[in-house]
Amino acid sequence: MTDIRPRRFDLIVFDWDGTLYDSTRLIVRCIQAAVVDVGGAKPNENDAAWVIGLGLAEALARAAPDVPKEKYAELGARYRYHYLQHQDDLVLFDGVLPMLDALHARGHKLAVATGKSRRGLNEALATVALRDRFDASRTADETFGKPHPRMLLELMEELDVPAGRTLMVGDTTHDLQLALNAGCASVGVSYGAHEPDTFDALGPLHVAHSVSGLTQWLLENG
């Protein structure tokens, strides 16, 4: 039977790493390796995971407070080196493609707001599985990084959807703060980079513990 319930949100914006893509552990390891490569103290897993979702330059600087600014370019290069060695190992979380298909069939506009670079996101979106599944996207290197609201504001303007009809979905406090800063609602997921007990203060409508749970909530409440 066709779902004829009215949509609450016309636009659903997804974070990428840790929300759609199972990449958190790899990113943590790459951050740790890059910092050590340039002579910094290896950040622990929690500190490395906390910066996921920020723009690369800001993330690496926060993860390596003892690395001098003149080494930031080298730090970024080492991160990209380690990441590229394993990027083909990354996969979408199980259930993501059916979820996107179901939301598209229900008439939602879909977008991505990510701390990844435009080049990195384009490489992922060029795959057969993801081609043409999103109506728009923004990356940290072409606008302001999270939690600055510019990403969401630009997406809403491009797709002509007001803040009250836009939902942000992400796995970090940066994503949920981004939504607050842009005047949008949010949903958190607990299977990514940040512990879900840090989400409460940012007022997400829901915290999903799996992609299947996220799909169910979006179709019933989105």
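So here's what we get for this one:
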| read-out | value |
| --- | --- |
| Cα gyration tensor category, rounded, prolate or oblate, for region 156-222 with a/c compared to 1.5 | oblate |
| The chain: antiparallel DSSP beta bridges as a percent of all, rounded to 5 | 5 percent |
| About the Cα centre, charge dipole magnitude for region 24-89 (Lys/Arg +1, Asp/Glu -1 at Cβ), debye | 40 debye |
| Net charge contributed by nearby residues that have their C-beta within less than 9 Å of Asp141 (K/R +1, D/E -1) | +2 |
| Phe14, Phe9 arranged by Cβ crowding within 10 Å, fewest neighbours leading | Phe9, Phe14 |
| Within a Gaussian network of the chain (alpha carbon springs, distance under 10 Å), most fluctuating of Val36, Val13, Val207 | Val36 |
| Dipole magnitude (debye, nearest 20) for the chain, charges at Cβ of Lys, Arg, Asp, Glu | 240 debye |
| Per-residue HN-Hα couplings for region 106-112 [Karplus 6.51, -1.76, 1.60; θ = phi - 60°; Hz; x = Gly/Pro] | 7, x, 6, 7, 10, 9, 10 |
| Listed residues Val112, Val28, Val91, most fluctuating in the chain (Gaussian network, C-alpha, under 10 Å) | Val91 |
| Of the GluC sites (Glu not before Pro) in region 126-186, those whose Cβ has at most 16 other Cβ within 10 Å and which sit in DSSP loop | Glu142 |
| Kirkwood hydrodynamic radius of region 24-89, Cα pairs, Å | 11.4 Å |
| Residue with peak Gaussian network fluctuation, the chain [Cα springs, cutoff 10 Å], from Met168, Met151, Met99 | Met99 |
| Tyr21 long-range amide H proximity, modeled H, under 5 Å | Phe93 |
| Within straight-line cross-link reach of Lys69, lysines at Cα separation under 30 Å, skipping those fewer than 8 residues along the same chain | Lys42, Lys116, Lys146 |
| The chain - convex hull of the alpha-carbon atoms, volume per residue in Å³ | 112 Å³ |
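No lab work stands behind these numbers, since they all come straight from the coordinates. What you see is a predicted model; the values in this text were computed from it and never measured. All Cβ positions, glycine included, derive from the backbone under ideal geometry; neighbour counts span all protein chains shown.
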